[in-house]
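The values are calculated or read from the model by the stated rules, or taken from the named source; none is laboratory data. Just so we're clear, the structure is a prediction, and the values are computed from it rather than from any experiment. When we count neighbours, we look across all protein chains shown, and the Cβ atoms used for this are built from the backbone with ideal geometry, even at glycine.
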Amino acid sequence: MNDRLGFSFSGSLGSAIPFLCGVLAAIIANVPISFLGGLVPSPLLAFMPVYFWCLVRPDLMPAPAALALGALDDLLSGGAMGIWALSFVVSYTLIDRERDAFAGLSGLGAIIGFGAAMLVTEVTAFLVVAATHATFPPAGPFLLQAVTTILLYFPGLSLLNLVHHRFIGALRSDF
Amino acid sequence: MANGTWKIARGKGSPQLSIAIVAVLAAVLVVLGRAQSTLFDRARTYFSDATAPMLEAARGPVNAIGHWVGGMGQIFVVYSENQKLKEENAKLRQWQNAALVLEQRLKRYQLLLNAVQDPTLSSVTAHVIGRANRPFLDTMILDAGKNQGVKPGESVVDDRGMIGRIYLVGQHTAWVVLLTDLSSRIPVAVEPGHIQAILSGDNTTAPGLETSRPGVVLKIGQQIVTSGDGGLLPAGLPVGTVTWNGSEFRAALLADATEADDVRILDLRQAPEQPPTPAAGDLPVVAGGIQPLVQTPNTSPNAQVKPLQLPAGVAPPLSQQQMEQAKAAAKAGAATAPTPAEDDH
């Protein structure tokens, strides 16, 4: 396993990196401090690793991991449980079914692909919130969060690429 | 990069079945989250308690950045804003005087009528150490919890009006659901007229107003205060004013939760803290060592005189026997020296 990784990480630790990235992203996004005075909702950072590794290494980001990251996001955000968990799983299902189409995108197309997945996540969350609260919440904040997250995916993608190349990339096609 | 350059790794087994099971689990989690939220709430309070020192440390610089970024748009209206605030301040001073006079008058009327007194409120002042702003969620975290006597359901106010209610309490942190939050519902009264209504948050800056009586017509600018129905919130807390957004009446809140740094948590049930009763030695006459010019003897047979606890260096008052001796000495002195009254003539 070590030669697959090309590093001294054990196999379990190396394969846990995508999930740990998701955990870290969830914590960062949910540190309840607003830099913009509450003007925009917190971005959904935890969805970036889910989307990225669901495309390139679904074996390292299985559906239960997406569920766990969504649940962690729910837990840390202080809202009702299960909203992001279900939204992540629904998006994961879409990405899994259309993986070839999504993975074939490059450059700006990759961002658009992420945007599409993000919209599915937000729409799902919107519908779950509407169902659980028995009222339709305003759609604006959901869209604003989607836009913020998509904009942050530009630097986020570079960071995820770096992590992937540095720690995981060597064995991406061996499965 | 997530593009065509990757060779996609495929997992073994049946991924579709796995996803279906996970989807069912996620749906169960949604239901469980609604039905059994206590378990998850406890985890949240542990998290906020554990991260409170870090949030407290980050509060100052982050708030400064937030206020700076948020206030950038107001740089160009500082002068006019300042003039407006000065005028408002002058008006408020007049109102403050009027309020003080009316408060005293109200107290006198209540005494005359032997009316039930309004409940007195105890409060805990807390710092805002965090804010969670999600599309369907508007909460803040305070640095006061069970250790400071904070309890769920208590109202949170700033110097302008009500901000929200406590919904989760850790050992030294508490989560506040803001009035703008999607799940916030509080009973309010629209004044004048004491029109009962429900203030419903929907994650917009102006929560909705639902009057409980059909056919009631509200007017723009009417005051909204808490009604106190249900006994959870104190009555009469200022909330906002009635506005019209073109299709329905809403509430323009007085308090700005995004700007609040220090807030008060009001406890309706806990008696307010009373200052300790001053000891005899703390009283100004005794503490200053001032003796009365004329001692009046206690004539009541049931009265019991409690000896005063005097601070060191203060002379004790004369005893009855010493007083008699002093009077006798005074009479003896009067025989030789004229009294002031005699002197006048």
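Does A:Ser77 meet the test of being free of Cβ contacts under 8 Å to residues at least 40 places away in the same chain, at negative phi and facing another protein chain (nearest Cβ under 7 Å)?
On the way: free of Cβ contacts under 8 Å to residues at least 40 places away in the same chain: no; at negative phi: yes; facing another protein chain (nearest Cβ under 7 Å): yes.
Judged against the criteria, A:Ser77 is not a match.
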- By residue number, the members of region A:49-59 that are surrounded by fewer than 24 Cβ atoms within 10 Å (Cβ to Cβ) and either more than 10 Å from every other protein chain (Cβ to nearest Cβ) or of a type outside the set (D, E, K, R) (or both) are A:Pro58
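Matching residues to (1) crowded, with 18+ Cβ neighbours inside 10 Å; (2) in contact (Cβ under 8 Å) with a residue 12 or more places away in the chain; (3) under 15 Å from the mean Cα position of the chain (by Cα):
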site	(1), (2), (3)
A:Leu67	yes, yes, yes
A:Ala131	no, no, no
A:Leu143	no, yes, no
A:Phe154	no, yes, yes
- Kindly list the number of the only condition in (1) surrounded by fewer than 23 Cβ atoms within 10 Å (Cβ to Cβ); (2) under 13 Å from the mean Cα position of the chain (by Cα); (3) not acidic (Asp, Glu) that fails for A:Gly104. (2)
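Working carefully through the options B:Val150, B:Val188, find the one that is assigned to a strand (DSSP E or B) and more than 14 Å from chain A (Cβ to nearest Cβ). Give the derivation first.
On the way: B:Val150 fails: assigned to a strand (DSSP E or B).
From the options B:Val150, B:Val188, the qualifying one is B:Val188.
Yes or no, residue by residue, for (1) on the phi < 0 side of the Ramachandran plot; (2) modelled with pLDDT under 80; (3) in contact with a Leu (Cβ under 6 Å, 6 or more places away or on another chain); (4) not hydroxyl-bearing (Ser, Thr, Tyr):
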position	(1), (2), (3), (4)
B:Pro207	yes, no, yes, yes
B:Pro214	yes, yes, no, yes
B:Gln222	yes, no, no, yes
B:Ser227	yes, no, no, no
B:Glu259	yes, yes, no, yes
- Query: Which members of region A:75-129 meet the condition of being of a type in the set (D, E, K, R) and over 16 Å from A:Thr148 (Cα atoms)?
  - Reply: A:Asp96, A:Arg97, A:Glu98, A:Arg99, A:Asp100
- Query: How many of the residues making up region A:104-126 are under 16 Å from A:Gly140 (Cβ atoms) and within 11 Å of chain B (Cβ to nearest Cβ)?
  - Reply: 3
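Among the listed residues A:Ile83, A:Ile95, A:Ile112, identify the single one that is without any contact (Cβ under 8 Å) to a residue 12 or more places away in the chain and not small (Gly, Ala, Ser).
On the way: A:Ile83 fails: without any contact (Cβ under 8 Å) to a residue 12 or more places away in the chain; A:Ile95 fails: without any contact (Cβ under 8 Å) to a residue 12 or more places away in the chain.
So the residue among A:Ile83, A:Ile95, A:Ile112 that is without any contact (Cβ under 8 Å) to a residue 12 or more places away in the chain and not small (Gly, Ala, Ser) is A:Ile112.
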- Message: Please pick out the residue among B:Asn133, B:Asn203 that is at positive phi, within 12 Å of another protein chain (Cβ to nearest Cβ) and more than 14 Å from the chain's Cα centre (by Cα).
- Response: B:Asn203
- Residues of region B:134-143 being in contact (Cβ under 8 Å) with a residue 12 or more places away in the chain and either surrounded by 24 or more Cβ atoms within 10 Å (Cβ to Cβ) or part of a strand (DSSP E or B) (or both), which ones? B:Pro135, B:Phe136, B:Leu137, B:Asp138, B:Thr139, B:Met140, B:Ile141, B:Leu142
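What number of residues in region B:216-239 are part of a strand (DSSP E or B) and β-branched (Val, Ile, Thr)?
The first filter runs over region B:216-239 and keeps only residues part of a strand (DSSP E or B), leaving B:223-226, B:238-239.
Checking which are β-branched (Val, Ile, Thr) leaves us with B:224-226, B:239.
Final tally of qualifying residues: 4.
A:Leu94 - would you say it is more than 7 Å from chain B (Cβ to nearest Cβ), at pLDDT 85 or above, over 11 Å from the mean Cα position of the chain (by Cα) and under 27 Å from B:Val176 (Cα atoms)?
On the way: more than 7 Å from chain B (Cβ to nearest Cβ): yes; at pLDDT 85 or above: yes; over 11 Å from the mean Cα position of the chain (by Cα): yes; under 27 Å from B:Val176 (Cα atoms): no.
It is false that A:Leu94 is more than 7 Å from chain B (Cβ to nearest Cβ), at pLDDT 85 or above, over 11 Å from the mean Cα position of the chain (by Cα) and under 27 Å from B:Val176 (Cα atoms).
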